[in-house]
Amino acid sequence: MDPAHEGRVLVIGATGTIGREVVAQLLAAGVPVRALSRHPEHAALPGAEVVSGDLTLPGTLDAAVRGVETVFLVWTAPAASVAGAIQAIARQARRIVFLSSPHQTPHPFFQQPNPIAALHAAIEREIEAAGLASIILRPGMFASNAGGWWAPQVREGGVVRWPYAAAASAPVDERDIGAVAALVLRDERHAGAQYVLTGPESLTHAEQVAIIGEVTGRPLRYEEMEPAEFRRVMAERGAPAVADMLLNAWSASVGLPAYVTPTVAEVTGRPPRTFRQWAADHADAFRPDAAARPTA
């Protein structure tokens, strides 16, 4: 390896929610980071070496992986691109940390038909076949989903319409996923590990919405949305397959506590953030004037 690149980590999917956290936490730990982006000029990742590349074009990955032993992968491309991309990574890298999903976890929430889980399983098989040393991270429901799901409704009024009020999950803070990823990327003692990452507590949809109301000082009412209406809403957003995936998982989990693991604490040495902490730290996104605030 070129001494100038010793210890450098390549982050693929660097401009997404988790990728940005991983980049930031690696840089904070003094690890040099190379970040892959299809549009480097718009990446906005200060401190990282941003390079051009595309998972759907394996030839563009060669230069990005050159001189790198360890890769963090968030998959953001069609399934047809998996084999070529993993082979391109394996030609030069030695280790990979892959952000997968808990599709092997024995809980009904994670065992429903799920195209994303099927894709993740296929990627894991390609990683193994390529001979890469791997660490698989399996986060459950992201706390940040609450922003995309409910923030627009909360900003508009005091009612959140959503299916399955009693469906429970253990939302994990993206900063905790980033912390685990940044640590295992720089510590080879975790080689071969498969870590299921969750938040510290089981909360229903209704309980999560109530917490958002409490931290923003705006009491909220949860109104049950029928699955058929949810499918129509998601179809209008261009995500009908996502609607079925979520509805299947939520319906299977009603009446059951969420699957909760101690993994974040075991790996990082500190307790995971609660959903209340996440909501308090992102409270401005739920306030009516959020759209008028300048972004950083």
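The values are calculated or read from the model by the stated rules, or taken from the named source; none is laboratory data. Treat the numbers as computed from the prediction; the structure is a model and nothing was measured. Note that each Cβ is placed from the backbone with ideal geometry, even for glycine, and that neighbours are counted across all protein chains shown. Protein only, heavy atoms only, side chains kept; ligands, DNA and RNA dropped before computing areas. Shrake-Rupley method; radii C 1.70, N 1.55, O 1.52, S 1.80 Å.
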Review point. By how many degrees, 0 to 90 and rounded to 10, does the Cα axis of helix 17-28 deviate from the longest principal axis of the chain?
Key: 50
Review point. Rounded to the nearest 20 Debye, what is the dipole magnitude of the chain about its Cα centre when Lys and Arg each give +1 and Asp and Glu each give -1 at the C-beta?
Key: 160
Point to revise | Whole-Hz ³J(HN,Hα) from phi, Karplus 6.51 cos²θ - 1.76 cosθ + 1.60, for the stretch 64-70, glycine and proline x | key: 5, 7, 4, x, 10, 9, 10
Practice item. Rounding to the nearest 20 debye, state how big the charge dipole of the stretch 92-171 is about its Cα centre with +1 on each Lys and Arg Cβ and -1 on each Asp and Glu Cβ. Key: 120
Check your understanding: What part of the accessible area of the chain, given as a whole %, is carbon or sulfur when the probe is 1.4 angstrom?
Key -> 53
Review point. Where in the stretch 266-286 does the amide nitrogen come within less than 20 Å of the point 7 Å from the Cα of Arg189, taken along Cα to Cβ?
Key: 266-272
Practice item. Write down the Å³ per residue value for the convex hull defined by the alpha carbon atoms of the stretch 1-79. Key: 88
Revision key, fill the gap. Result for the chain: accessible area per residue, probe 1.4 angstrom, in square angstrom, of 45
Exercise for review: Evaluate the charge dipole of the stretch 105-220 about its Cα centre and quote only its size in Debye, nearest 20, assuming +1 on the Cβ of each Lys and Arg and -1 on the Cβ of each Asp and Glu.
Suggested key: 200
Check your understanding: If each of Thr105 and Val254 carries a label point 7 Å out from its Cα toward its Cβ, how far apart are those two points in nm?
Key -> 2.1
Check your understanding: Given only helices, namely DSSP H runs of n ≥ 4 each adding -39500 (n - 2.57), what is the per-residue ellipticity at 222 nm of the chain, to the nearest 500 deg cm²/dmol?
Key -> -11500 deg cm²/dmol
Check your understanding: Could you give the angle, 0 to 90 degrees to the nearest 10, between helix 240-253's Cα long axis and the longest principal axis of the Cα atoms of the chain?
Key -> 70
Review point. Around Arg161, which amide H atoms from residues at least 5 apart in sequence, or from another chain, sit under 5 Å from its own amide H, with H modelled in the peptide plane?
Key: Glu223
Exercise for review: Please find, in a Gaussian network model of the chain (springs between Cα atoms separated by less than 10 Å), the residue of Pro163, Pro78, Pro152 whose mean-square fluctuation is greatest.
Suggested key: Pro78
Exercise for review: List, largest first, the extents of the alpha carbons of the stretch 166-296 along their principal axes, each in whole Å.
Suggested key: 48, 37, 29
**Study point:** Debye equation applied to the C-alpha atoms of the chain, log10 I(q)/I(0) at 0.15, 0.16 Å⁻¹
**Key:** -1.25, -1.37
Review point. Which Cα, out of Ala279, Gln153, Ala235, lies furthest along the positive dipole direction of the chain (beta carbon charges, K/R +1, D/E -1)?
Key: Ala279
Exercise for review: Extending each Cα 7 Å along its Cβ direction at Arg276 and Ala228, get the distance between those two points in nm, one decimal.
Suggested key: 4.0
Point to revise | Tilt relative to the chain, helix 174-185 - C-alpha long axis, 0 to 90 degrees, to 10 | key: 20
